[in-house]
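Undergrad: Got a structure for you, written out below as structure tokens; questions coming shortly.
The values are calculated or read from the model by the stated rules, or taken from the named source; none is laboratory data. Computed from a prediction, not measured in an experiment: that's the story for all the values here. Virtual Cβ from ideal backbone geometry, glycine too; neighbours counted across all protein chains shown.
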Amino acid sequence: MNRSSISTDAAPSSATPPADQSPSGRPNGTLLTQVSLAFIDQRINLYLRFGRPQREVRLDRWQRCALFAPNACFARILWQGNEHGTTRWQLMVLQACKPLDAMQRIRGIRPGARVLLQTEGERRVRVILAQIDIIEALGIDPTDVSPPYWQTLGNRLAAGLPIPLYTAERHAAWIAARQLF
């Protein structure tokens with residue numbers, strides 16, 4: 001094809017996206033946090049304990065991917081085992097971030113997330129799961145719990161100090177404070 005047959009009125013391939021879209025094609029530059037999940041019987045179970053993904057994509061029989069909006073809170077549990085039993089049990093409460101926020105790189109989470117709580121070992125994971133059950137028994141969705149509470153809970157557990165309870169009063173104070181900002 002010679003140069004004279006190429007149309008000059010066609011938009012260049014590097015056209016600027018509309019003002020309300022980012023180069024990624026998502027509205028207002030919102031990047032979703034991708035969380036990889038997997039299940040292989042008696043080997044690995046990587047799943048969400050709580051969280052409200054915007055979308056979930058099934059990749060194959062064993063894997064799926066959950067997509068979270070910025071500031072969404074979720075808990076991911078990793079259980080690994082072999083023919084002798086459990087080899088690793090980990091629970092992380094995470095918060096999805098905006099593109100320029102400070103975040104930590106975590107395997108299986110792209111681009112990363114803010115770690116609110118991280119614990120390993122059967123006893124410690126069971127303590128956190130019991131706290132989540134108590135919060136749900138109060139009628140509170142764990143995704144709406146204040147991020148500082150998760151941080152305090154993880155720090156207290158790591159230090160061997162008494163675990164603080166999340167009460168309806170504490171939750172009401174968090175909701176009121178969040179509405180002010």
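Undergrad: Just to be sure I understand, how many residues within the stretch 70-87 are of a type in the set (Lys, Arg) and not in a strand (DSSP E or B)? Full working, then the answer.
TA: Here is the first cut: in the stretch 70-87, the residues of a type in the set (Lys, Arg) are 76.
Next, only the ones that are not in a strand (DSSP E or B) stay: none.
Selection size over the stretch 70-87: 0.
Undergrad: Something else: Return the residue satisfying two criteria in turn: it lies in the stretch 37-57 and is within 25 Å of ASN82 (Cα to Cα) and surrounded by fewer than 12 Cβ atoms within 10 Å (Cβ to Cβ), and of such residues it is modelled with the lowest pLDDT. Steps first, answer last, please.
TA: First, pick out the residues of the stretch 37-57 that are within 25 Å of ASN82 (Cα to Cα): 37-49.
With the extra rule that they be surrounded by fewer than 12 Cβ atoms within 10 Å (Cβ to Cβ), the set shrinks to 41-42.
Working: ASP41: 91, GLN42: 88.
Of everything passing the filter in the stretch 37-57, GLN42 is modelled with the lowest pLDDT.
Undergrad: While we're here: Among the residues of the stretch 127-181, which ones are under 15 Å from PHE74 (Cβ atoms) and touching a Gly at 6+ places or on another chain (Cβ under 9 Å)?
TA: ILE128, PRO142, THR143
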